[in-house]
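What follows is calculated from the coordinates using simple rules that are stated; it is not laboratory data. Since this is a predicted model, take the numbers as computed values, not measurements. Positions of Cβ are generated from backbone atoms using ideal geometry, with glycine treated the same way; all protein chains shown enter the neighbour counts.
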Amino acid sequence: MAGLQSLRATEVVCMDNAITVDQVTRVFTRRGSEPFHALRGVSFEVPYGEIFGLLGPNGAGKTTTIRILATLLLPTSGRATVAGLDVEREFAAVRRLISLVSGGETSGYGILTVEEQLWMFSQFYGMQTREARQKIEAYLKLVGMWDSRRLQMNRLSTGMRQKVNLVRGLVTNPRVLFLDEPTLGVDVEASVVIRHIVRDWVAAEPDRCVILTTHYMAEADELCSRVAIVNHGLVLANAAPSQLKQGLDAKAHYEITLDRLDKTRVQQLAARTGPGSDLTLTTDKVTNKPMLIAHLQHEGDIGALIAALSAEGSTLEYMRKLEPSLEDAFLKLVGRTFEDEEEASSAVS
Amino acid sequence: MKKKRALLFLRTLTARAYVRVFGQMREATWIVASILGGFFTMATYMYLYRSIGTGADFTGIVVLGGFMAPFFANVLWGVAMQLYWEKEMGNLELMLVSPAPLSAFLVGLSVGGAMHTMLRALAVLVFGVTVFKVHFVTVHLGVAVLVFLVTLWAMYGLGIVFSSLFLYHGRDAWRTADLIMEPVNVLSGNYFPVRYLGMGLASVAILVPTTLGLDALRQLLVPSFGPVLLGWRVEVLILVGLAFVWSIVGVWALEAVEYKARRDARLTLRWQ
């Protein structure tokens with residue numbers, strides 16, 4: 001490991017950005033079929049200390065972007081760098097600084113035990129065995145798999161295997177960790193552990209960075225400091241999840257469950273709440289009681305609505321503010337839901 | 001920097017060899033099947049030659065053929081096919097993403113594979129000497145060991161060349177390996193003197209290192225056996241040349257195939 005660290009010191013140009021992607025395109029050509037434009041001029045930058053999410057449906061270009069940054073693919077045009085190093089020309093130096101963990105990964109050898117497998121991969125990065133073993137122990141304890149260290153890989157569940165894959169990615173102490181759908185097909189407990197560790201890992205050192213691709217909007221929302229929404233090889237938006245959601249509309253949305261409400265009074269209630277207010281009366285599926293869906297022009301209008309309800313003699317039993325989600329942001333940008341977009345893409349391909 | 005690269009190469013080599021040597025030792029049934037398979041193939045030829053009364057020299061060359069044959073099988077199925085299998089298992093992209101060169105993985109595979117195959121090869125030798133009472137002249141045993149090692153070097157160098165080609169061929173790799181296996185067994189003269197192929201065919205066969213290695217070993221360990229191809233000293237020189245050529249071509253082919261993998265995106269993905 002000392003060797004690896006000195007390699008870093010001598011070869012890595014200190015840059016502000018961990019990743020720069022500048023007008024990168026990638027075209028796949030196959031005999032007898034039309035060229036497929038997987039990336040159409042993608043650009044973004046990721047500073048150190050950030051978990052950056054690439055969000056989009058299948059075939060959007062997320063994995064192609066990661067594969068270019070991880071030196072597995074050449075861009076057709078444009079330029080990409082990792083830690084200031086060109087992924088096309090300086091790929092050997094880039095590889096010392098990166099690690100890749102993919103979802104549903106079945107890498108390694110089933111016949112090896114968990115700790116043998118992790119040791120083997122650490123050797124591919126030139127780590128000294130003693131240091132590798134110390135790190136393997138620390139990370140296996142962190143993911144709660146130290147007691148399973150002597151289990152053969154082919155005996156592990158999907159969740160356990162993915163935890164081992166994550167440990168493999170972290171043991172070599174990369175500066176940039178690529179996580180390609182890391183919780184794909186993984187149970188809830190393992191997903192929580194993986195997300196927790198990724199967040200702590202990137203926060204532990206200032207010169208670390210994670211590039212995450214995911215299908216799961218909630219995962220991106222929870223983990224990422226910034227998200228690029230990608231579709232058909234284009235970056236449609238690149239901002240913090242909160243900014244993406246705030247940019248949707250300025251209205252405030254509420255769900256209010258009441259003990260009773262006369263449906264003929266809804267229009268009058270809307271008029272008394274404020275201009276532009278839109279109220280819909282429905283039924284709470286759980287309690288079977290009247291539920292008012294309120295879309296208010298201003299957040300402050302909620303006070304007027306509660307006062308109006310009180311004047312009507314309705315008692316408020318439950319109220320929830322409806323926050324816009326990344327799914328809504330995607331819907332606004334693409335014009336279709338995530339699932340619809342995936343179905344449309346698979347129908348075309 | 002050179003020292004660090006050399007260390008990285010050695011560590012990668014050791015780690016990959018470890019999987020072959022220790023990992024596969026856990027498959028006890030595979031070991032038993034492998035040893036028994038070698039024994040019965042050798043026994044078939046032993047009884048054939050004895051039944052037609054060819055003399056003790058022929059049984060000696062059969063044992064040496066049985067000793068060398070599993071190494072070429074390992075070169076073909078354990079080294080040449082390996083990058084293709086690594087791709088199918090999803091390991092190839094992790095190997096490429098790591099700083100270790102592909103050649104380090106394949107040399108590790110070769111070392112591990114050779115050590116693992118040695119078990120079957122030695123079992124054949126022991127069966128030959130103890131069960132069939134085959135006698136070898138051990139005056140040049142040291143030289144014979146050196147010839148064997150050079151032959152292994154050349155064979156596994158050829159395996160590295162094949163591994164790039166097989167990776168490039170993708171799904172056809174399996175059939176190609178199957179296609180190569182038996183003709184090479186014939187051209188190498190595993191169970192008969194290769195001289196009987198005639199000099200024309202034998203001169204083609206010398207591109208396969210087993211041919212010359214086996215012929216040289218037979219000259220050194222069964223010196224009374226007559227129909228040789230070339231003098232063993234000449235054969236060793238050619239083998240050293242082959243070892244260098246296949247190793248250099250192998251490393252070049254790996255770099256070429258990796259570049260193609262990155263450019264065309266068709267070699268590292270499982271579905272392609």
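Against chain B, whose longest principal axis comes from its Cα atoms, helix B:102-130 is set at around 20 degrees.
Can you bin the range A:53-115 into rounded, prolate or oblate? Criterion: square roots of the alpha carbon gyration tensor eigenvalues sorted a ≥ b ≥ c, rounded for a/c under 1.5, prolate for a/b above b/c, oblate for the rest. Kindly include the intermediate steps, with their values, before the conclusion.
On the way: a/c = 2.61, a/b = 1.36, b/c = 1.91.
Here the range A:53-115 falls in the oblate category.
Local charge for B:Glu235 was computed over the other residues whose Cβ lies under 15 Å away, with Lys and Arg +1 and Asp and Glu -1, and equals +2. Taking trypsin sites (Lys or Arg not before Pro) across the range A:285-333, the ones in a DSSP loop with at most 15 further Cβ atoms lying within 10 angstrom of their Cβ are A:Lys285.
The relative contact order of the range A:193-345 comes to 24 percent, based on Cα pairs under 8 Å that sit 6 or more residues apart.
Of the GluC sites (Glu not before Pro) found in the range B:37-107, none is in coil by DSSP with at most 14 other Cβ atoms within 10 Å of its Cβ.
Measure nothing but the geometry: give the 0 to 90° angle between the long axis through the Cα atoms of A:129-142 and the longest principal axis through the Cα atoms of chain A, rounded to 10°. It works out to around 20 degrees. Computing Rg and the Kirkwood Rh from the Cα coordinates of the range A:252-322 gives a ratio, Rg/Rh, of 0.91.
Let a ≥ b ≥ c be the square roots of the eigenvalues of the Cα gyration tensor of chain B; is it rounded (a/c under 1.5), or, if not, prolate (a/b larger than b/c) or oblate?
On the way: a/c = 1.92, a/b = 1.76, b/c = 1.09.
Cα axes put chain B in the prolate bin.
Ordered by the count of other Cβ atoms within 10 Å of each Cβ, fewest first, B:Met81, B:Met89 give B:Met89, B:Met81.
Computed from the alpha carbon positions, the gyration tensor of the protein assembly as shown leads to an equivalent ellipsoid with semi-axes of 65, 24, 22 Å, biggest first.
Please give the net charge around A:Arg149, taking every other residue with its beta carbon less than 10 angstrom from that of A:Arg149, where Lys and Arg add +1 and Asp and Glu add -1. Walk me through the numbers before you get to the answer.
On the way: positive: A:Lys141, A:Arg150; negative: A:Glu115, A:Glu116, A:Glu137, A:Asp147.
It works out to a net charge of -2.
Test of the criteria: in the range A:13-60, which trypsin sites (Lys or Arg not before Pro) are in a DSSP loop and have at most 16 other Cβ atoms within 10 angstrom of their Cβ? Loop-located and lightly packed - A:Arg30, A:Arg31.
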